[in-house]
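Just below is one structure, and these are the notes that go with it.
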Amino acid sequence: MSKIPYNKIDNYSNKIIAERQKFVSEQTGADLNHVAKYSFDPNVLPGNIENFVGVAQVPIGLAGPIRVLGEYAQGDFYIPMATTEGTLVASYNRGMKLLSESGGVTCTIMHDSMQRAPVFVFENARFSRNFGQWIDAHFDEIKVKAEETTKSGKLTDIERYIVGKLHWLRFNFTTGDAAGQNMVTKATHHACHWILEQGIEGLEHFSMAANMDTDKKHSHLNTLQTRGKRVVAEATIPKDLLETIMHTSSKALFKQRQFSNMGSLLSNSSNNGAHSANGLTAMFIATGQDVANIAESSAALTYSELKDNGDYYMSITIPSLIIATHGGGTGLSTQRECLEVMGCVGAGKAYKLAEIMAAVVLAGELSLASAIVANQWVSSHEALGRNR
């Protein structure tokens, strides 16, 4: 097969892009009339994509407003959601109405941490144990070395995990407004090579990665320890609003919650809620997040209470929300516009976006759970989700 056209000097010029578009048509017979139409200068793309030929135009719907009572996000927000799934925007919109009329969603950032976890292999377990003691004793020096590579990344601690003679170090950083995977990789690499230069006794092998950071994979470790932002969204919904807006009762919702908890336990699911990945993915695509991080970010822990007066309390904890308002795809044209809709452009806005996303997730959980209980789930998809 022929090689894809490539220009070593300028691989983002209109000329080379047109050559690749023509190449696709000649090689596959596909017509790129829609893919080839875009509104931004492709010279902004280095660092975001290679062999650019065009764009995937994902429809964006608007939901809201949703009232967020966060420490960083305060007020009413309209939410851009990029999806091709009918009913998704309508369902989230209904949940947002319920939460806003209930007074809003209280959102709290509990922790912030991004990791890289290299492994050190020793001659035996005793050398491995001694290495852990050495790491603890030299943490301040390691921290200085790690932070030499970054202005915004801060090393907070180093977790240690030992299996036989294998010793994983899980470096934990805060990363400012960036998601930070590349940032912490560079910082950890720099720190580890300083460690290697110290002549660690009994060391046989070193690898920068061996699946302990679980990048773009769910893990129970991340649920316990956090990866990205750990954020909680919670609200108490008056029973009357549940009946008028959701056509169900707090008692029915609470009963359904017990069934859902048991189903999650039986299936060993990473999420005892309904569909947090739906809202998060739609917002990830709209705002230029790394969509593969949905693998971690969709994990969630849902908790509810039936109050004595019949009101319904519900919270959702997202332990591994990996998002950014700086870097990656967040600076591209349409993605930046979607961030602007929520007031999340500029320094210090990552926590604000995390709180808004958590509030949106709670809205979606309440809406879908209510639709299931009220026997409206299938009918709503038939009415809004049919495109055959």
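For this structure, a couple of remarks:
- Overall, the accessible surface of the range 94-191 at a probe of 1.4 angstrom is composed of carbon and sulfur to the extent of 53 percent.
- Total charge dipole magnitude, the range 204-249, about the Cα centre, Cβ charges on Lys, Arg, Asp, Glu only, Debye to nearest 20: 80 debye
- With viscosity 0.692 mPa s and temperature 37 °C, the Kirkwood radius over alpha carbon pairs of the range 30-69 converts through Stokes-Einstein to a diffusion coefficient of 249 µm²/s.
- Ranked order, Asp157, Asp240, Asp213 - accessible area, probe 1.4 Å, largest first: Asp240, Asp157, Asp213
- Among Ser39, Ser100, the sequence by solvent-accessible area, most first, with a 1.4 Å probe is Ser39, Ser100.
- Counting only Cβ charges, +1 for Lys and Arg and -1 for Asp and Glu, the dipole size of the chain around its Cα centre is about 540 debye.
- In whole angstrom, the range 101-252 maps to an equivalent ellipsoid with semi-axes of 42, 18, 11, each derived as √(5λ) from the alpha carbon gyration tensor and ordered largest first.
- Size of electric dipole in the range 1-118: Cβ of Lys, Arg +1 and of Asp, Glu -1, about Cα centre, debye, nearest 20: 200 debye
- The chain: most fluctuating residue of Ala274, Ala56, Ala191 per GNM, C-alpha cutoff 10 Å: Ala56
- Evaluating 6.51 cos²θ - 1.76 cosθ + 1.60 at θ = phi - 60° for every residue in the range 320-331, the Karplus couplings come out as 9, 8, 9, 9, 8, 10, 9, x, x, x, 5, x Hz, glycine and proline recorded as x.
- As computed over the range 123-183, the Cα convex hull volume per residue (Å³): 88 Å³
- Size of the range 1-150: Rg and Dmax of its alpha carbons, in Å, are 25.5, 64.
- Alpha-carbon Debye profile of the range 231-388, log10 I(q)/I(0) at 0.13, 0.16 Å⁻¹: -0.68, -0.96
- Whole-number D in µm²/s for the range 174-273 (Stokes-Einstein; Kirkwood sum over Cα pairs; 4 °C, 1.567 mPa s): 70 µm²/s
- Scaling against 2.2 N^0.38 Å puts the C-alpha radius of gyration of the range 295-334 at 1.87.
- Projecting the Cα atoms of Leu69, Asn7, Asn211 onto the charge dipole of the chain (Cβ charges, centred on the Cα centre) puts Asn7 farthest toward the positive pole.
- Most fluctuating residue given options Lys97, Lys255, Lys216, as computed from a GNM of the chain linking Cα atoms under 10 Å: Lys255
- The gain in end-to-end length when the Asn268 to Lys8 segment is fully stretched comes to 88.7 nm, 0.36 nm per residue minus the alpha carbon separation.
- With a Förster radius of 51 Å applied to the beta-carbon distance between Asp31 and Lys186, the computed FRET efficiency rounds to 0.75.
- Accessible surface computed residue by residue for the chain, with neighbouring protein chains in place and a 1.4 Å probe, gives 48 Å² per residue.
- The Kirkwood radius of the range 148-223, taken over pairs of alpha-carbon atoms, gives through the Stokes-Einstein law at 20 °C and 1.002 mPa s a diffusion coefficient of 156 µm² s⁻¹.
- For the range 259-321, taking Cα atoms only, Rg and Dmax work out to 13.8, 43 Å respectively.
- Within the range 225-292, all pairs of alpha-carbon atoms sorted by distance into 5 Å bins from zero give the percentages 3, 12, 14, 19, 20, 16, 11, 4.
- Phi to ³J(HN,Hα) by Karplus 6.51 cos²θ - 1.76 cosθ + 1.60 over the range 276-289, Hz, x for Gly, Pro: 4, 4, 5, x, 5, 4, 4, 6, 4, 5, 5, 9, x, 6
- Largest to smallest principal axis extent of the C-alpha atoms in the range 308-373, angstrom: 46, 21, 20
- Ratio of the Cα radius of gyration of the range 1-68 to 2.2 N^0.38 Å, where N counts its residues: 1.44
- Between the entries (1) 23.0, 88; (2) 21.1, 80; (3) 23.8, 70, the label attached to Rg and Dmax of the Cα atoms in Å calculated for this structure is (3).
- Between the residues Thr287, Leu301, Ser267, the greatest Cα displacement towards the positive end of the dipole of the range 236-321, with unit charges on the Cβ of Lys, Arg, Asp and Glu, is found for Ser267.
- Cut-off 13 Å, label 7 Å out along Cα→Cβ of Ser207, residues of the range 135-167 by amide N: 166-167
- Amide proton proximity set for Gly70, modelled H, under 5 Å, gap of 5+: Gly75, Cys107
The values are calculated or read from the model by the stated rules, or taken from the named source; none is laboratory data. Being a predicted model, the structure only gives us computed values, none of them experimental. Heads up, the Cβs are rebuilt from the backbone with ideal geometry, glycines too, and the neighbour counts pull from every protein chain shown. Please note that ligands, DNA and RNA were not included when accessible areas were found on the heavy atoms of the full protein model with its side chains. Shrake-Rupley method; radii C 1.70, N 1.55, O 1.52, S 1.80 Å.
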